[in-house]
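Shown next, in structure tokens, is the structure this report addresses.
The values are calculated or read from the model by the stated rules, or taken from the named source; none is laboratory data. This is a predicted model, so every value here is computed, not measured. Note that each Cβ is placed from the backbone with ideal geometry, even for glycine, and that neighbours are counted across all protein chains shown.
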């Protein structure tokens, strides 16, 4: 009998989380589609189908961000529904405890957390990179820059004849691709300021090992000589890790890319704190979802006929949002090096998880 009830709870909770995912996903999709349409309203060459494609590319990342609330609302809805239909009372009569009510929700949350870290996150990172490529392809260079990083990326490198300063208006670090570039070549002498000898403008460049691969490049010298190249290779000593500037979000990288990214950034002398925080955030996703499931279950056990169901539902929702804001605050403290990355990321979900256990203990044992 207990095994049959467990299977029933597993099925109902899984269906509830799927329903919550469909509702939250639909709302996020509509809002994101409207926002993209508004931002691209002044682009007459972009149609609704292209905006729809961009919105779909962003959906895995949006689902990943809202997954904790999907689990919370899904578990709450199932538990309140079972409570309202007196099914929890019948399960109590079959010798099931509050711990056994909560166990299926926690196990499903842990499974979804592992799935989100190992499958959903890499998919979201890959599709986000495709979103950036498609968006930049649809927009002209200036528009792409204004809606991209909002911050130009600069590099400086010594060459045989002096130095070269590189400015890029947009960067996709996952593919080492830059857009709207300008290469300024300076000659340096001891008694005179640097002089620009020539510049190269390019629509796109891909950083390959040992060279830049430019597309649609124009070379302009100080003597008004102009040469145009469909493709042009320029030697460089810049490593791909140099693309990892402060304007690049750590969330753009998958769980599988982060370890090598952290190691490469350390070798190049770049800060790795934001990548360490992202790594711990992804690793802590199972315990975060389990904490949300415990909150949803622990505040839904009170019998409906005893009253106060709305207050408990609001309390559970407030606890879920409190976990979100506390995690965001602690992550900010971690980014400013006030807290170690592990403490900054793991503290909030672990605390809420044990708070949920305490709540169930009180309900079960008084």
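Considering 125, 144, the condition of being more than 22 Å from residue 358 (Cα to Cα), at pLDDT below 80, in a helix (DSSP H, G or I) and under 22 Å from the mean Cα position of the chain (by Cα) is satisfied by 144 alone.
The condition of being modelled with pLDDT of 90 or more, surrounded by 20 or more Cβ atoms within 10 Å (Cβ to Cβ) and within 24 Å of residue 129 (Cα to Cα) holds for residue 67. Anything in segment 195-213 that is closer than 19 Å to residue 228 by Cα, buried (at least 18 other Cβ atoms within 10 Å of the Cβ) and within 31 Å of the chain's Cα centre (by Cα)? List them, or say none. Within segment 195-213, 202, 204, 205, 212 meet the criteria. Being modelled with pLDDT under 90 and either in a helix (DSSP H, G or I) or not assigned by TED's automatic domain parsing to the domain that holds residue 93 (or both): is that true of residue 290 here? So residue 290 does not fit the description; no.
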